[in-house]
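Everything below concerns the one structure shown next.
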Amino acid sequence: MTHAMPDVPATGRVLLANATLPSAVTGGTLNHLGDGLGRADIQIEHGEVTAIAPPGLLTSREGLAVVDLDGGLVLPGFVDMHTHLDKGHIWPRSPNPDGTFMGAIGAVMADREAHWSATDTRARFDFGLRCAYAHGTAAIRTHLDTYLPHGRSTWRVFAELREAWAGRIDLQGVSICPIDRLAGEDGAALADLVAEHGGVLGFVTRFTGSGHEAIPPGFQDLLDHAFALAEARGLAMDLHVDESGETAAATLPLIARTAIRRGFRRRLQVGHICSLSRQPDAVIEET
């Protein structure tokens, strides 16, 4: 038997009665149902949760619109913290030819050059947001391919959709490009573009080889330069790191030591780190 989604008022004072909540959300203080769940009433005032208590204990219901959820499950909005909304939904026209990592990169690069107008990017981006919203997502961080001059169009589309979706999905944007793109005048222009749109500075470190040769000469200087770009503009950072199955791809320790040495004050996130699982246990522990 299925139940229709209850009609919950979007404004005013509301009591969601007889809700089922994950115990982890409530600190485990509610009536336990087993399987990490508990039953509760939830009081909402003007869009903010003001009280959560076992059923029946929130006795003052004057001025409250009461919605009986009949045990329905209530979850916090999902947060998707690593997406690529600008490159989504291209498979029908640009499938990965062999299912490999490099095949995917090649397909995306070719599709970007052939199709990524502002109109095309906006349509695919918006479709991804509509799908996410329909399934309960409240916040998304998306990496945006940022190759100048193309990246300027992508960031304009991002800013338009961030405003259009305000109040439904909170959007954050992160640049993504190889770290060497941050060298010279292009690097400053790219960082300025990110700062102009209230974004996060991101780039890719992906090196393969044998032994210490995996880290090319000059990489530390380039890494410090990237940090300096972020520091000068007050930007947080979110990096694609060691996205490889090669044991020698190990830039994560360099990034961590650089952040510590420089006393980097903003938030710093690293993603993927695939090669860390291939390191010896002692190296993993040290990292």
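The values are calculated or read from the model by the stated rules, or taken from the named source; none is laboratory data. Everything quoted here is computed from the prediction, not taken from an experiment. Every residue, glycine as well, gets a Cβ built from its backbone with ideal geometry; the counts of neighbours run over all protein chains shown. What goes into the accessible areas is simple: the full protein's heavy atoms, side chains included, and nothing from ligands, DNA or RNA. Shrake-Rupley method; radii C 1.70, N 1.55, O 1.52, S 1.80 Å.
Looking only at residues in the range 82-113 that are of a type in the set (A, V, I, L, M) and either open to solvent by 70 Å² or more (accessible area, probe 1.4 Å) or not in a helix (DSSP H, G or I) (or both), the one that is modelled with the highest pLDDT is I90.
For every residue, the table says whether it meets (1) open to solvent by less than 30 Å² (accessible area, probe 1.4 Å); (2) assigned to a helix (DSSP H, G or I).
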residue: D80; (1), (2): no, no
residue: C131; (1), (2): no, yes
residue: R152; (1), (2): no, yes
residue: S175; (1), (2): yes, no
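Taking the range 67-78 on its own, how many of its residues are part of a loop (DSSP other than H, G, I, E, B) and either of a type outside the set (V, I, T) or in contact with a Phe, Trp or Tyr (Cβ under 6 Å, 6 or more places away or on another chain) (or both)? Here the count works out to 7. Scanning the range 177-205 for residues that are surrounded by 21 or more Cβ atoms within 10 Å (Cβ to Cβ), part of a loop (DSSP other than H, G, I, E, B) and not hydrophobic (A, V, I, L, M, F, W, C) yields G199, G202.
Yes/no matrix, rows are residues, columns are (1) under 27 Å from D111 (Cα atoms); (2) among the charged types (D, E, K, R):
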site: C131; (1), (2): yes, no
site: R141; (1), (2): yes, yes
site: L144; (1), (2): yes, no
site: Y147; (1), (2): yes, no
site: F158; (1), (2): yes, no
site: G187; (1), (2): yes, no
site: D192; (1), (2): yes, yes
site: V204; (1), (2): yes, no
site: P216; (1), (2): no, no
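The lone criterion from (1) open to solvent by 60 Å² or more (accessible area, probe 1.4 Å); (2) under 19 Å from H197 (Cα atoms) left unmet by M237 is number (1).
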